[in-house]
Structure formats: structure tokens, C-alpha cells
Amino acid sequence: MTLTSTSTSTDPSGNLVLLTIEIVSTPSPVSSYQSSAGPNTPAVIGGIVGGVVGLLALIGIIFIIYKKRRARWDSDGEEDEGYYAGAAEFK
């Protein structure tokens, strides 16, 4: 397919200016390689597995932190005794 555009004009000094633009398009040969239009399956599976492992790791970290804090507050006061030592009781 060929597209041609021609334009004429006059410049400030009176000279005639002719502008011709020609665009030639040739079809590309049909490739025998057929790519799939769908997503790359191994990458999708890897992303899902990685996301699940990351989520489980995050839940595990939160659980460990929660258990440590709860153990500290549920203890008989052995760890926190120094903090409350000498505090006056108000009734």
C-alpha cells in the first residue's frame, strides 16, 4: 500500500516550494511461530506460590510476636516486677 501527499506553497521570497511525502507500507510475512495470547503459566504459578508463602510467613511472624507479648503480660509479674517496685497503691 502506498500513500502519497503533495503540497505546494510559496516562501516569503516568492519561490515555489513543492513538498511530496510518500509512505510505502509492505505487509510482513506470516510467521510460522504462533504465540499464545494467554499469560505465562509458570510465572503465574510462581507468583501464586510466592504470595502464599509470603502470607504464611507474615502470619507466623505476627503469631510469634503476639505469643511473646501475651506471655509477658500473662506472667506472674516476674518480668514486670522491677517496673512496679516501689509504686504506691491508691485505694
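All of the numbers you see were taken from the coordinates with simple rules; none came from a lab. Keep in mind the model is a prediction, meaning the values are calculated, not measured.
Starting from 0.36 nm per residue, how many nanometres of slack lie between ILE62 and VAL49 once their C-alpha separation is accounted for? Write out the running numbers ahead of the final one.
On the way: separation 13, 0.36 × 13 = 4.68 nm, distance 2.01 nm.
Using 0.36 nm per residue and subtracting the Cα-Cα distance, I get 2.7 nm.
Which whole-Hz ³J(HN,Hα) couplings does the stretch 55-71 yield from phi under the Karplus relation 6.51 cos²θ - 1.76 cosθ + 1.60, θ = phi - 60°, glycine and proline marked x?
5, 5, 5, 5, 4, x, 5, 4, 4, 5, 4, 4, 5, 5, 5, 5, 4
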